[in-house]
Structures are given as C-alpha cells and as structure tokens.
C-alpha cells in the first residue's frame with residue numbers, strides 16, 4: 001500500500017489508476033490529520049500532473065501521426081485515414097488522462 005503520492009510516483013511507472021489510488025490515500029491522510037487545505041492542494045497537483053502527462057502523450061501522437069498510421073497498415077489510403085483521425089485521438093488522450101482523477105475511479 002502506498003503511504004503518499006511521492007512514494008507511489010517513485011515506486012511505480014506512470015499509470016492513471018496508480019495516481020488515483022495514491023491521491024485518494026494522500027487526500028484521506030490529510031483530511032484525517034485535519035488539513036483540508038493540504039488535501040485540496042493534493043487534488044490540484046495530481047490533476048495538473050495527470051494533465052501535463054496527457055498533453056505530452058497527445059503531442060507525441062500528433063508529432064508521429066504519419067509514422068503511427070503505418071503501424072496499422074501498409075496501404076496508403078488507410079494510413080492517411082488513420083493519420084487524419086490522430087487529432088481526435090490526441091483530444092481523447094487528454095480527456096481520458098484527467099477524467100479518472102476527477103471522478104476517483
């Protein structure tokens with residue numbers, strides 16, 4: 001079990017579920033200790049970290065969209081279609097990066 005958010009980040013690779021669990025532990029510990037401002041700060045920070053990582057993932061997808069499209073096919077038409085859909089994938093990556101943290105799931 002994780003003791004705090006920093007321990008989770010150091011022990012595990014980036015995984016949205018791990019960040020949610022670590023944040024829940026951190027917020028619970030801070031609220032139990034009677035520090036509501038620290039709990040609110042923890043929620044803000046974990047949202048920012050998750051958002052930043054999601055934006056980096058989205059930028060990588062957008063930067064490599066011509067290369068990524070050929071991972072699925074050798075056909076030119078399908079590769080262009082996949083490349084055209086990569087901006088939607090980037091937006092979805094950002095939304096899916098923040099949503100689990102906000103909902104606590």
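The values are calculated or read from the model by the stated rules, or taken from the named source; none is laboratory data. Keep in mind that this is a model prediction, so the values were computed, not measured. Methodologically, a virtual Cβ is constructed for each residue, glycine included, from the backbone with ideal geometry; neighbour enumeration extends over all protein chains shown.
Observations
- Residue selected from the stretch 83-105 under the condition at pLDDT below 85 and part of a helix (DSSP H, G or I), by the criterion surrounded by the most Cβ atoms within 10 Å (Cβ to Cβ): 97
- Among the residues of the stretch 65-79, those that are part of a helix (DSSP H, G or I) and loosely packed, with under 12 Cβ neighbours inside 10 Å comprise 67, 76, 77.
- Long-range neighbours under 7 Å by Cβ, at least six apart or interchain, first residue under 17 Å from residue 103 (Cβ atoms) within the stretch 41-67, second at pLDDT 85 or above: 54/93; 54/94
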